[in-house]
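A.B. asks: Sending over a structure as structure tokens; questions will come in a sec.
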Amino acid sequence: MVYKKAGHADLMDQIVSDSQLDEEIKKHPRFGKPIPSLLFSGDVYSNFLNTASEAGYLPPFVILQKEIRYEISKAITLKELESAEFEIMNLIDAINEIILKYNSICPPKMKKGRIDFDNIENHYKIW
């Protein structure tokens with residue numbers, strides 16, 4: 001990028017900023033070392049997930065996945081305790097809304113269907 005002052009290119013400013021940038025790059029601890037071959041294998045998305053998980057980052061859909069599993073376990077507990085059916089149905093409706101949000105942000109292969117009162121236990125195994 002060439003800096004311009006009053007419509008003219010200022011090449012000296014460009015040379016100085018480039019040399020400062022080069023010095024900053026050379027200070028990086030991985031400078032001059034080969035790129036790990038692991039980055040060239042597999043697909044970009046799985047490489048991103050591996051790198052992100054090593055750094056402690058969880059994608060939003062993984063957080064939603066854990067929340068859905070927890071809510072389904074609550075619904076199963078309410079069903080086993082023979083709570084009022086409308087209470088369980090309200091919880092299932094809330095879970096289905098979270099599932100819709102999850103399906104909108106997760107990768108296509110990880111999309112899952114809605115749950116209902118009869119198949120809560122089966123969906124708990126899936127989630």
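A.B. asks: Where residues in the range 53-88 are of a type in the set (A, V, I, L, M, F, W, C) and free of Cβ contacts under 8 Å to residues at least 12 places away in the same chain, which of them is farthest from residue 123 (Cα to Cα)?
C.D. replies: Here the residue is 55.
A.B. asks: Consider residue 100 carefully, then state whether it is within 20 Å of the chain's Cα centre (by Cα), farther than 30 Å from residue 39 by Cβ and without any contact (Cβ under 8 Å) to a residue 40 or more places away in the chain.
C.D. replies: On the way: within 20 Å of the chain's Cα centre (by Cα): yes; farther than 30 Å from residue 39 by Cβ: yes; without any contact (Cβ under 8 Å) to a residue 40 or more places away in the chain: yes.
The answer is yes for residue 100.
A.B. asks: Would you be able to say whether some residue in the range 14-25 is closer than 30 Å to residue 107 by Cβ, modelled with pLDDT of 75 or more and either in contact with a Ser or Thr (Cβ under 9 Å, 6 or more places away or on another chain) or exposed (fewer than 10 other Cβ atoms within 10 Å of the Cβ) (or both)? Break it down stepwise before answering.
C.D. replies: Looking only at the range 14-25, we keep the residues that are closer than 30 Å to residue 107 by Cβ, and these are none.
Scanning the range 14-25, I find no residue that is closer than 30 Å to residue 107 by Cβ, modelled with pLDDT of 75 or more and either in contact with a Ser or Thr (Cβ under 9 Å, 6 or more places away or on another chain) or exposed (fewer than 10 other Cβ atoms within 10 Å of the Cβ) (or both), so the answer is no.
A.B. asks: Here is a further query. Do we have residue 66 as at pLDDT 75 or above and either surrounded by 11 or more Cβ atoms within 10 Å (Cβ to Cβ) or under 30 Å from residue 112 (Cβ atoms) (or both) here? Write out each step before concluding.
C.D. replies: On the way: at pLDDT 75 or above: yes; either surrounded by 11 or more Cβ atoms within 10 Å (Cβ to Cβ) or under 30 Å from residue 112 (Cβ atoms) (or both): yes.
So residue 66 passes the test.
A.B. asks: Shifting gears a bit: Against the condition at positive phi and at pLDDT 85 or above, how does residue 121 come out, does it pass? Break it down into steps so the answer makes sense when it comes.
C.D. replies: Working: at positive phi: no; at pLDDT 85 or above: yes.
Answer is no for this residue.
A.B. asks: Taking the range 92-112 as the search range and keeping residues that are hydrophobic (A, V, I, L, M, F, W, C), modelled with pLDDT of 95 or more and over 16 Å from residue 122 (Cα atoms), which one is surrounded by the most Cβ atoms within 10 Å (Cβ to Cβ)?
C.D. replies: My answer is 98.
A.B. asks: Failed condition for residue 83, given (1) touching a Cys at 6+ places or on another chain (Cβ under 8 Å); (2) assigned to a loop (DSSP other than H, G, I, E, B), with all others met?
C.D. replies: The failed condition is (1).
A.B. asks: Here's something else I'd like to know. Please go through (1) surrounded by fewer than 12 Cβ atoms within 10 Å (Cβ to Cβ); (2) outside the structural domain of residue 112 (by TED's automatic domain parsing); (3) free of Cβ contacts under 8 Å to residues at least 24 places away in the same chain; (4) part of a helix (DSSP H, G or I) for residue 50 and return the number of the only condition it doesn't satisfy.
C.D. replies: For residue 50, the failing item is (1).
A.B. asks: Also, quick follow-up: With respect to residue 45, determine if the residue is among the aromatic types (Phe, Trp, Tyr), assigned by TED's automatic domain parsing to the domain that holds residue 106, assigned to a helix (DSSP H, G or I) and within 30 Å of residue 104 (Cα to Cα). Full working, then the answer.
C.D. replies: On the way: among the aromatic types (Phe, Trp, Tyr): yes; assigned by TED's automatic domain parsing to the domain that holds residue 106: no; assigned to a helix (DSSP H, G or I): yes; within 30 Å of residue 104 (Cα to Cα): yes.
In short, no.
A.B. asks: Another question about this same structure. Listed residues 86, 61, 40, 31; which is aromatic (Phe, Trp, Tyr) and within 19 Å of the chain's Cα centre (by Cα)? Before the answer, list the steps.
C.D. replies: Details: 86 fails: within 19 Å of the chain's Cα centre (by Cα); 40 fails: within 19 Å of the chain's Cα centre (by Cα); 31 fails: within 19 Å of the chain's Cα centre (by Cα).
Within the list 86, 61, 40, 31, the selection yields 61.
The values are calculated or read from the model by the stated rules, or taken from the named source; none is laboratory data. A quick note: this is a predicted structure, and the numbers were derived from the prediction, not measured. Positions of Cβ are backbone-derived with ideal geometry, glycine not excepted, and every protein chain shown enters the neighbour counts.
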